[in-house]
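This report refers to the structure that appears directly beneath it.
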Amino acid sequence: MDNSSVRQRLTAALTEASASGKALANFMLANISSLPFETSRSVADKVGVSELTVGRFCRSIGYDGFKDLKERLKDDISDSPWLIGDRLRDLQQKSSTDAALARSLELAVASVVRVYEHAHTEAWNRAAKRIAEADRVFVAGFQTERGLAEAFVHMLRYLRDEVQLVDIAGGNFAEVLLTDPAGCTLVLIDARRYSRQSQLLAAKAAERGMPITIVTDLYCDWAASYGDEVFAVPTDLNLFWDATSGMWTLMQLLLNSVFAHRGPSVEERLNSVASLYESFVGYSRGPK
């Protein structure tokens, strides 16, 4: 590898790379200070290309991948986001006059740490593999967690077909409970105060032998009775409302693991979905 900086390589790519490469170079240069917090997946989504295209672009300018590019970027950025420990300490000091805010910060960091601990478990790998390979995936969310379920379904459909958001208005859950459970799986998302429907659906689906992955908070006392996997996330961040931000972080990590299980063939589907969106709705920029 030569001694060119990341900035120099990205700048050169603006004129030398393919159309998608130029778009990636432009995005990275425009957002270079926040790149440490990006993943190849998040960059791909924002630019409108596949995650594999991000990897190929990074290799084309001399890096092993996006992670390697970020490592090399450390030398390019003076106000380094890698100094996250220092930044947290500084924020804690600024919050010291507000004990409630300082405590909220500590709890928020602990919640994210707990999420990443889940991602290193066998239960996590089992759930991700099942969601990636099942013939059909049902996703149910209740109350404010309904939005998490909708977002998860939308993003999962980029990776695979036969993903269905469960109809909670119909009052019978027939699409789940009258379906042959073989080859199906259910992802259920809920937090206190738990919906009565949520527990009933979990109980009935488990009774029929359908595998269930439950994402919830630390207080759910029935999830373990029905879930094949239960990922409990801290939601009490010392705020007026319980915060489900940690639950969404977990869902995004789970999507990343599902992507890994789907393998390289998923690129074709990602490109096809993006192409369909371009045809029916359109992006602010043309397809790369």
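Taking the range 221-248 only, how many residues are buried (at least 19 other Cβ atoms within 10 Å of the Cβ), assigned to a loop (DSSP other than H, G, I, E, B) and not hydroxyl-bearing (S, T, Y)? Total meeting the criteria: 5.
Under the condition of being buried (at least 16 other Cβ atoms within 10 Å of the Cβ) and over 8 Å from F138 (Cβ atoms), which residue from the range 166-176 is modelled with the highest pLDDT?
Once the filter is applied, the top-ranked residue is F173.
Only one of the listed residues (L29, L35, L10) is at pLDDT 90 or above and not in a loop (DSSP other than H, G, I, E, B). That residue is L10. Within the range 191-209, the only residue that satisfies the criterion of being in a loop (DSSP other than H, G, I, E, B), at pLDDT 95 or above and in contact with a helix residue (DSSP H, G or I) (Cβ under 8 Å, 6 or more places away or on another chain) is R208.
One line per residue, one yes/no per condition, for (1) modelled with pLDDT of 95 or more; (2) under 30 Å from Y158 (Cβ atoms); (3) surrounded by 13 or more Cβ atoms within 10 Å (Cβ to Cβ); (4) of a type in the set (D, E):
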{"position": "E106", "(1), (2), (3), (4)": "no, no, yes, yes"}
{"position": "V112", "(1), (2), (3), (4)": "no, yes, yes, no"}
{"position": "H118", "(1), (2), (3), (4)": "no, yes, yes, no"}
{"position": "V137", "(1), (2), (3), (4)": "yes, yes, yes, no"}
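All of (1) of a type in the set (D, E); (2) under 21 Å from the mean Cα position of the chain (by Cα); (3) loosely packed, with under 15 Cβ neighbours inside 10 Å hold for D64 with one exception: (2).
The values are calculated or read from the model by the stated rules, or taken from the named source; none is laboratory data. Worth saying up front: this structure is predicted, and the values here are computed from it rather than measured. Ideal geometry is used to build each Cβ from the backbone, glycine not excepted, and the neighbour counts take in all protein chains shown.
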